[in-house]
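Engineer: First, the structure itself, so that you have it in front of you.
The values are calculated or read from the model by the stated rules, or taken from the named source; none is laboratory data. Remember, it's a predicted structure, so these values are computed and weren't measured experimentally. Areas reflect the complete protein model, heavy atoms only, side chains present, ligands, DNA and RNA absent. Shrake-Rupley method; radii C 1.70, N 1.55, O 1.52, S 1.80 Å.
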Amino acid sequence: MHIRLYTKTNCPLCEKAKTVLTELQADYSFTMEEIDIYQDDALLEKYQLMIPVIELNGEEIGYGMIEKETVRKRLRQAQKS
């Protein structure tokens, strides 16, 4: 499984999302890629008000206030398929 975390600098919600994902890596096997939206104009336009955004295997599974249990449920579902 592969997670992309779309972030920006000086973003407390992004730090919280990163912490949640790091904690979940103890229970689920996935790679995590952090992408700064300010490095890509298309991503900035797409996600500027939604940050942070979590994408699991190419599918958006959460943005803004990231809830650990929501992400856990999606990881569990992805692991079974």
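Engineer: I'm trying to understand the selection: among the residues of segment 39-57, which are in a strand (DSSP E or B) and of a type outside the set (A, V, I, L, M, F, W, C)? Give the derivation first.
Structural biologist: Filtering segment 39-57 down to residues in a strand (DSSP E or B) leaves 53-56.
Across segment 39-57, the qualifying residue is only 55.
Engineer: Hey, another quick one. For segment 6-38: of the residues being among the hydrophobic types (A, V, I, L, M, F, W, C) and part of a strand (DSSP E or B), which is most open to solvent (accessible area, probe 1.4 Å)?
Structural biologist: 32
Engineer: Something else now. Select from segment 58-75 the residues that are in a loop (DSSP other than H, G, I, E, B) and of a type outside the set (A, V, I, L, M) and write down the one among them that is nearest to residue 7 (Cα to Cα).
Structural biologist: As a first pass, look at segment 58-75 and keep what is in a loop (DSSP other than H, G, I, E, B): 58, 64-67.
Adding the requirement that they be of a type outside the set (A, V, I, L, M) leaves 58, 64, 67.
On the way: 58: 16, 64: 10, 67: 16 Å.
For segment 58-75, the residue satisfying everything is 64.
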